[in-house]
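Structure first, commentary second.
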Ligand code: USQ
């Protein structure tokens, strides 16, 4: 199958490219390398020493004997997107090429606008290009579980049946996100649904939980490593807790620490995306997959990291709940359904506990890279503030 990955240089994009070429697919990709620049903008870098894109492609040729076609380009440029889809004529497009950090979108008005313009524009460009050039292609769109927020009822998988004032209908599950980033994903979902309704575009909207891990069966050598972020803006809570344990810093659950999220290992996320690609939505179908395996609170995460860091590596980490920079429920009900992928044969293969040892051992190996950025780990920003550039030491963009 010909698969185009947007955001191929990113955390998931690179891991997916390796996985799909290993399974015999013909892979091409586009990336504007923005994550590398934006992580540098907040003074940080990946914990893992990732190679440049030309080095990555060379390593794939050398070790896997495969060729990945890469184009450096920006999806907010319509001519670029149209020319790419026209040239590649993909059977499937996996759209991962968006700004993916909630804190980044909350730095100030410019970062909020940058996030929403990039994310919404790139999706609309892809929708039109697919319609015009390859109307039968299948779009696999990376969304987020965060679109649903934390309602006090079970979360359905995309759609649910509701009875109101004596009448029933099947409607999209309500969305209520907590950052301009998460809202950009809601707008994307609406736009993909509309393209499906207008043009019959086949689409899978992936409501992705938090992904963790440094390895997949393909990421076996340093040349293949994917990025691992840990600063306040780009690192997820789990990544940050692991790095804090290695650096001897306190682990920082925000507020009461009862925020629950769904989690999935990198290799299982690749399994899910691959199942979505290899079992495409039918013509005219719009389907939603809630993609996660285990749900934990941030306090559960901190305790798991603390236990494994101590038991396996002799690192004695403390947990220090800090002020919460975000506006979110710190204790809440959380029961999202996730059955659609199981019907395609998905099997949870990697638990968080099993992965933690691997993550910590990789981080210990790259400890000097963490030490060099120790100053960007502890929280300084506040989602309620209109300007977070000063505490983050961001220059320009005024
Ligand atoms: N948190 C802490 N301590 C920290 C950092 C975060 O307690 O040091 C808390 C946050 O307040 C939040 C929870 O951990 O309640 C999750 O935050 P996160 O930074 O781990 O993840 P999030 O911002 O939700 O975003 C990540 C990815 C995003 C993806 C999303 C999936 O960065 O791209 O869409 O996870 S989900 O969380 O299901 O929406």
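A short reminder: the numbers here are calculations on the coordinates, not readings from a lab. Given the structure is predicted, the values throughout are model-derived calculations rather than measurements. Please note: Cβ atoms are built from the backbone with ideal geometry, for glycine as well, and neighbour counts cover all protein chains shown.
As a rough footprinting exposure proxy, the listed residues 370, 341, 273 were ranked by other beta carbons within 10 Å of their own, and the order from fewest upward is 370, 341, 273.
Using a/c under 1.5 as the rounded threshold, could you call the chain rounded, prolate or oblate? The axes a ≥ b ≥ c are square roots of the C-alpha gyration tensor eigenvalues, and prolate needs a/b larger than b/c, oblate otherwise. Cα axes put the chain in the rounded bin.
Translational diffusion coefficient of the stretch 312-354 at 4 °C, 1.567 mPa s, Stokes-Einstein with Kirkwood Rh over Cα pairs, in µm²/s as a whole number. This corresponds to a translational diffusion coefficient of 84 µm²/s. Computed from Cα atoms alone, the Kirkwood hydrodynamic radius reported for the stretch 84-134 is 12.2 Å. Relative contact order of the chain: 21 percent, from C-alpha pairs under 8 Å at least 6 residues apart in sequence. Take the Cα of residue 331, step 7 Å toward its Cβ, do the same at residue 313, and the gap between the two points is 3.2 nm.
Rounded to two decimals, the Cα-based Rg/Rh of the stretch 61-104, with Kirkwood Rh, is 1.06. Once the chain from residue 294 to residue 375 is taken as fully extended at 0.36 nm per residue, the excess over their C-alpha distance is 26.0 nm. Between residue 349 and residue 365, the simple spin-label model (points 7 angstrom out along Cα→Cβ) gives 2.0 nm. Packing here is the average count of other Cβ atoms within 10 Å per residue, and on that basis the peptides 188-195, 1-8, 349-356, highest first, run 1-8, 188-195, 349-356. One decimal place: the segment residue 69-residue 163 gains 28.9 nm when fully extended, by the rule 0.36 nm per residue minus the C-alpha distance. Tell me whether the stretch 1-49 comes out rounded, prolate or oblate; compute the Cα gyration tensor, take square roots of the eigenvalues as a ≥ b ≥ c, and use a/c under 1.5 as the rounded threshold. Taking the square roots of the gyration eigenvalues as a ≥ b ≥ c, the stretch 1-49 is oblate.
Mind checking the log10 I(q)/I(0) for the stretch 188-265 at q = 0.13, 0.21, 0.24 Å⁻¹? Debye, one equal scatterer per Cα, no solvent, two decimals. At q = 0.13, 0.21, 0.24 Å⁻¹ the computed log10 ratios are -0.64, -1.01, -1.13.
Under 8 Å for C-alpha pairs, at least 6 residues apart: give me the relative contact order for the stretch 197-349, rounded to a whole percent.
On the way: 241 pairs, mean separation 53.2, N = 153.
Across the stretch 197-349, relative contact order equals 35 percent.
With a simple spin-label model that places each label point 7 Å from the Cα along the Cα-to-Cβ direction, the separation between residue 79 and residue 357 comes to 5.5 nm.
Among rounded, prolate and oblate, which fits the stretch 19-118 when a ≥ b ≥ c are the square roots of the eigenvalues of its C-alpha gyration tensor, a/c under 1.5 means rounded, and a/b larger than b/c means prolate?
It comes out oblate by the Cα gyration axes.
Judged by the mean number of other Cβ atoms found within 10 Å, the most tightly packed of the peptides 383-395, 228-240, 106-118 leads the ranking 228-240, 106-118, 383-395.
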